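Have a look at the structure below, then the notes.
The values are calculated or read from the model by the stated rules, or taken from the named source; none is laboratory data. What you see is a predicted model; the values in this text were computed from it and never measured. As a convention, Cβ positions derive from the backbone with ideal geometry for all residues, glycine included, and neighbour counts pool all protein chains shown. Calculation scope for accessible area: heavy atoms of the full protein, side chains included, ligands and nucleic acids excluded. Shrake-Rupley method; radii C 1.70, N 1.55, O 1.52, S 1.80 Å.
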Amino acid sequence: MLCNRCWSSIRKLSLDDSLYQEKLSELTSDGYISGLASVFHFEKDGTLQNLVHQLKYNGMTSIGVELGKLVGESLYPMLGDEAITGVVPVPLYPAKERERGYNQSEFIAKGVNNVTGLKVFPHLLKRTRHTKTQTKLNAQERKENVAEAFELNSHHSSLISHSSFLIVDDIITTGATIDECAKVLKEHGAEKIFAASIAVPDHAHFP
């Protein structure tokens with residue numbers, strides 16, 4: 001879908017990148033998340049923002065799978081040989097998913113599965129209330145917006161104890177959403193939780 005020149009125009013993220021280190025520090029500060037894997041810098045109005053927009057709003061789910069493959073390829077370089085039980089896409093509120101027709105994070109998770117073979121658990125977590133879009137909220141407002149918005153699906157509670165999971169989202173901005181998901185899993189006995197995304201923005205490029 002993209003020519004090589006367009007792909008190469010998207011800035012890659014690396015372990016020694018200051019943005020990666022900053023985001024990793026933010027995500028691990030509450031103790032729920034143990035590591036981060038992400039592929040790109042998110043730049044406002046750039047090629048990647050257009051791709052993510054097509055994935056989320058225009059039904060281009062194949063983009064999610066392709067980007068998810070890149071996320072899968074980033075796991076070992078960024079997380080090492082950590083044992084991961086499975087992949088958990090950040091859930092949408094059911095009404096939102098019906099409106100959109102799909103959860104974009106599930107397609108990213110499918111891409112991760114294609115590369116790693118890790119099982120995807122799309123219904124391990126459920127979003128229990130509608131939350132307003134995080135786009136124009138600051139870090140504190142984002143945290144408050146998603147507080148207690150997720151629950152464990154009781155049908156899958158036996159899977160959690162002593163297991164480790166990779167929670168996948170499209171863009172991790174402040175990490176408030178993924179941290180809240182990790183909190184639920186840890187409170188139910190998960191051993192380690194890792195975060196993964198297509199990209200992370202710096203504070204000047206919140207999506």
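At 7 Å along Cα-to-Cβ for each site, give me the label-to-label distance between Asn50 and Glu187 in nm.
Going by the 7 Å Cα→Cβ label model, 4.2 nm.
Where does the charge balance sit around Val71 when Lys and Arg score +1, Asp and Glu -1, over other residues with C-beta under 12 Å from its C-beta?
-2
In the chain, which longest range has no GluC sites (Glu not before Pro) that are both DSSP loop (not H, G, I, E or B) and surrounded by at most 16 other Cβ atoms within 10 Å?
My reading of the result: 1-81 is the longest stretch.
How large is the charge dipole for the chain, taken about the Cα centre, if only the Cβ atoms of Lys, Arg (+1) and Asp, Glu (-1) carry charge, to the nearest 20 debye?
Here the size comes out at about 620 debye.
Among the listed pairs Lys12/Lys186; Lys56/Lys110; Lys110/Lys192; Lys44/Lys126, which have their C-alpha atoms separated by more than 27 angstrom in this model?
Details: Lys12/Lys186 30 Å; Lys56/Lys110 15 Å; Lys110/Lys192 21 Å; Lys44/Lys126 30 Å.
Among Lys12/Lys186; Lys56/Lys110; Lys110/Lys192; Lys44/Lys126, the Cα-Cα distance tops 27 Å for Lys12/Lys186; Lys44/Lys126.
PRE reach from Ala83 (point 7 Å along Cα→Cβ): which of the stretch 179-201 fall under 20 Å by backbone N?
Counting backbone N atoms under 20 Å from the label point, the list is 185-195.
Whole number please: convex hull volume per residue of the Cα set in the stretch 44-107, in Å³?
107 Å³
How many percent of all Cα-Cα pairs in the stretch 1-125 sit more than 26 Å apart?
Cα-Cα pairs of the stretch 1-125 separated by over 26 Å account for 23 percent.
With a 1.4 Å probe and all protein chains kept in place, how much accessible area does Leu152 have, in Å² rounded to the nearest 10?
For Leu152, the solvent-accessible surface is approximately 20 Å².
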